[in-house]
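Structure first, then comments.
The values are calculated or read from the model by the stated rules, or taken from the named source; none is laboratory data. Keep in mind it's a predicted model, so treat the numbers as computed, not measured. Don't worry about glycine lacking a Cβ; one is built from the backbone with ideal geometry, like all the others, and counts go over all protein chains shown.
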Amino acid sequence: MMKINKIREMSSSDLEKELGELKSELFKLRFSSKTNGLENPMKIREVRRDIARVKTELRSREIAENK
């Protein structure tokens, strides 16, 4: 789980890269949960929330940039 403070310290390009990594991790988790099950099914929820946190920070920066 990523902390919001860590996310805010990252640059926008780093956040974009992190978002891509999180999305690929989510894909892998979903795939493995359907094929052979996961040890920790809550991991999918954590990754989805991290994606939401990163997207929220990117959007707030975009709004602040346009003002």
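Identify, please: which residue in segment 1-58 is more than 12 Å from the chain's Cα centre (by Cα), exposed (fewer than 13 other Cβ atoms within 10 Å of the Cβ) and in a loop (DSSP other than H, G, I, E, B) and is, among those, modelled with the lowest pLDDT?
Residue satisfying both the conditions and the ranking: GLY37.
Okay, residues lined up against (1) charged (D, E, K, R); (2) more than 24 Å from SER60 (Cα to Cα):
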position	(1), (2)
MET2	no, no
ILE7	no, no
MET10	no, no
LYS28	yes, yes
SER32	no, yes
GLU39	yes, yes
